Amino acid sequence: MSIVSPMYYTLNAIILKRQNFKDDDLLITVYSLERGKIVLQAKGAKKIKSKLAGHLEPLTFSCLNIIHGKHIDQLIGAQIIQSYHCLKSNLMLVGYANYFVELIYELTHEQYPDQQVFNLLKKSLDFLDKADINSCKIARISFGFKLLHLLGFDSSVNTQLALNQEISYIVKNTINSISQNKNIIKNLSQINQILNQELENNLEKEIKTKEFLKQIT
C-alpha cells in the first residue's frame, strides 16, 4: 500500500501575480482549483538558469508541485498546461485578462477554494485566447457580474438598479448568448458603468486596470 506524503501536494493553478522576494526568489500568487488563492515562494526562480521561471509567468495555467514550509509553502516544480500564447501576443487582450486577474486578486480571500470561481476565470481566459476584439467588452461585463454573483454580491437581485433585467440575463447566460441580446448591446456603455460602480463599492477603491482599458479601447 502506497502512502502519500503530507509534506507534498499538487495544484492546478492560474498564475495571478509574481513579486521579487529576497535575492533570487519570487513570491507567486495563484488561484487554484484545489485551494483557491494562495501565495507560494519559488526559491531561485529569478536566476537565469532557473527551470521554474518560464512556467510561472502571469496569465499561465500550470500544474504546480509544492512542499509545505514553516511560514510559506515552497514551489518546487511546475509544468505549463496552457500558456495562452495568442492572448499574450495582443496588448488589448492582455488588458482584459489583467482586469479579470485584478478582480480575482482583490475580491477573493486566501485558502478559500471555489471551483465555480476557478472555472469562471479559466473559461474567461480560454475565451479571450480565441476572441476577436469586438467580443472583449461582452466578456468583461460577463466576467464582472458573474464573479460578483458567485461571491455573494449579486447585482441582479437589486430591483432598484438600472437595467436590472439585463444584468440578470448576463449572470445567467453565456457570453455568446449575451452578445446576441439587443438590449444589452444597446446599453453596453451604461451596463459597464454600473459594473464598475458595483465592483468599486465592494472593493472600496478604484479598479487599476479600468483606466488602462480606457486607453486601449
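Values in this text are rule-based calculations from the coordinates and carry no lab data. As the structure is a prediction and not an experimental result, all values here were calculated from the model. Note: ideal-geometry Cβ built from the backbone for every residue, glycine included; neighbour counts use all protein chains shown.
Compared with the direct C-alpha span, the chain from MET92 to ASP126 gains 10.7 nm at full extension, assuming 0.36 nm per residue. Each Lys and Arg contributes +1 and each Asp and Glu -1, all at the Cβ; summed about the Cα centre of segment 8-82, the dipole is approximately 140 debye. Considering only TYR105, ALA131, ILE38, the residue lying farthest towards the positive end of the dipole of the chain is ALA131, judged by Cα position with unit charges set on Cβ. Around the amide H of GLY77, modelled in the peptide plane, lie the amide H atoms of ASN65, all under 5 Å away and 5 or more residues distant in sequence or on another chain.
Scanning residues 5 or more positions from ASP114 or on other chains, those with amide H under 5 Å from its amide H are GLY36, with H placed 1.01 Å from N in the peptide plane. In the chain, the longest principal axis of the Cα atoms and the axis of helix 115-130 are about 80 degrees apart. Legend: Rg and Dmax of segment 153-194, from Cα coordinates, 9.7, 27 Å.
Sort LEU107, LEU199 so that the residue with the fewest other Cβ atoms within 10 Å of its own Cβ comes first and the one with the most comes last.
Working: LEU107 17, LEU199 24.
Lowest to highest Cβ neighbour count: LEU107, LEU199.
Calculated mean residue ellipticity at 222 nm for the chain: -13000 deg cm²/dmol, from DSSP H runs with n ≥ 4 weighted as -39500 (n - 2.57), summed, divided by the residue count and rounded to 500.
Sorting LYS172, LYS205, LYS37, LYS43 from the fewest to the most surrounding beta carbons within 10 angstrom yields LYS205, LYS172, LYS43, LYS37.
Angle of helix 136-150 to the longest C-alpha principal axis of the chain, folded into 0 to 90 degrees and rounded to 10: 80°.
When only Cα pairs below 8 angstrom with a gap of at least 6 residues are kept, the chain shows a relative contact order of 16 percent.
For the listed residue pairs LYS37/LYS130; LYS88/LYS182; LYS146/LYS186, the alpha carbons are over 29 angstrom apart in LYS88/LYS182. A simple count of charges around LYS17, restricted to other residues whose Cβ falls under 13 Å of its Cβ and scoring Lys, Arg +1 and Asp, Glu -1, yields -1. For LYS88, the shell of other residues with beta-carbons less than 10 Å away shows a net charge of -2, using +1 for Lys and Arg and -1 for Asp and Glu.
Rounded to the nearest 20 debye, the dipole size of segment 67-217 about its Cα centre is 460 debye, using +1 on the Cβ of Lys and Arg and -1 on the Cβ of Asp and Glu. Here segment 123-164 is treated with +1 on each Lys and Arg Cβ and -1 on each Asp and Glu Cβ, and its dipole about the Cα centre works out to around 40 debye.
Against the main long axis of the alpha-carbon atoms of the chain, helix 188-203 sits at an angle near 50°.
Let a ≥ b ≥ c be the square roots of the eigenvalues of the Cα gyration tensor of segment 120-217; is it rounded (a/c under 1.5), or, if not, prolate (a/b larger than b/c) or oblate? Because its axes are fairly even, with a/c under 1.5, segment 120-217 counts as rounded.
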